[in-house]
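Data block below; observations after.
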There are 2 protein chains.
Amino acid sequence: MEQAGSSLIDFDKGGGVIPVVTQDYTSGRLLMVAYMNREAFEETARTGRACYFSRSRNRLWRKGEESGNHQTVREMRLDCDADTILLRVDQHGDQAACHEGFESCFFRVYDGGEWRTVDTRKVDPAKYGAAYGHHKPAA
Amino acid sequence: MEQAGSSLIDFDKGGGVIPVVTQDYTSGRLLMVAYMNREAFEETARTGRACYFSRSRNRLWRKGEESGNHQTVREMRLDCDADTILLRVDQHGDQAACHEGFESCFFRVYDGGEWRTVDTRKVDPAKYGAAYGHHKPAA
């Protein structure tokens, strides 16, 4: 079922996907940046749960499907160029949006020419199983 | 002059550019999403002023160069995949990060299948001149 609001979004510019910025509704903390294709957007709009498109796995990625760290959408916004979405969400599960077990993917700060990890890991992602995450396992 | 922190960033994945999310340091409001190439990142790191790469104009875009709405960087963060940057900034000038004159590019909310403008324009962008903005003039 097509959502009316989907037709305004310019998916063509990015070859079928658009960037999606996800922010914690309560704290305003930037949690992650991911991508959606039209199907992911429409599922998110319909269900109220964040569904992205995984470029590395080339399929819909229902956030939390492995970890339980799902996100319920409190508000969706669209930018001026209609090619970027903002999701304002409640983060569930272990409160770790990042596949490395941090609350936010942005856990490193630029400091004197280097990137320094300043956040504390919320959870060891190993608890979600060996196949967890969107990276290929190390060789 | 190469910045040490630049080498860690994966510019290749996006064909030489990475998405950059810009957030108001004080309010936490998401202001805009733009792109940087390596040169834009290095200039931003060196000067403390947000410099992006305009994909439509194919050149460095020193934010505020036309409008005076420049941004000073309070903090830069890098995500887990090293392919997205977060800038936490002070927005100057007319407090309008968006080229349409809004504080934030994300001035439309999804509401019942439609995108509804919920923010109030801060400034009429016509004041910056007829050539202002990253869109081609209407034919």
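The values are calculated or read from the model by the stated rules, or taken from the named source; none is laboratory data. The structure displayed is predicted, hence computed values, not measured ones. Positions of Cβ are generated from backbone atoms using ideal geometry, with glycine treated the same way; all protein chains shown enter the neighbour counts. Keep in mind that these areas ignore ligands, DNA and RNA; they rest on the heavy atoms of the full protein, side chains included. Shrake-Rupley method; radii C 1.70, N 1.55, O 1.52, S 1.80 Å.
The table that follows gives values for the structure above.
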item: Within the range B:1-41, considering residues that are part of a helix (DSSP H, G or I) and within 12 Å of chain A (Cβ to nearest Cβ), the one most open to solvent (accessible area, probe 1.4 Å); result: B:Ala4
item: Test: residue in the range B:14-25 that is acidic (Asp, Glu) and within 26 Å of A:Arg29 (Cβ to Cβ); result: yes
item: Condition met for B:Gly28 (under 25 Å from A:Met76 (Cα atoms) and at pLDDT below 95); result: no
item: Residue in the range A:42-54 that is more than 9 Å from every other protein chain (Cβ to nearest Cβ), open to solvent by 10 Å² or more (accessible area, probe 1.4 Å), touching a Phe, Trp or Tyr at 6+ places or on another chain (Cβ under 9 Å) and touching a residue at least 12 places away in the same chain (Cβ under 8 Å) present; result: yes
item: Residues located in the range B:85-132, provided they are among the β-branched types (Val, Ile, Thr), part of a loop (DSSP other than H, G, I, E, B) and facing another protein chain (nearest Cβ under 10 Å); result: B:Val118
item: Pairs with Cβ under 9 Å, 6+ apart, first in the range A:55-84 and on the phi > 0 side of the Ramachandran plot, second among the hydrophobic types (A, V, I, L, M, F, W, C) and not in a loop (DSSP other than H, G, I, E, B); result: A:Ala82/A:Leu8; A:Ala82/A:Ile18; A:Ala82/B:Trp115
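Yes/no per residue for (1) open to solvent by 30 Å² or more (accessible area, probe 1.4 Å); (2) modelled with pLDDT under 95:
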position	(1), (2)
B:Lys63	no, no
B:Ser67	no, yes
B:Met76	no, no
B:Glu100	yes, no
B:Tyr110	yes, no
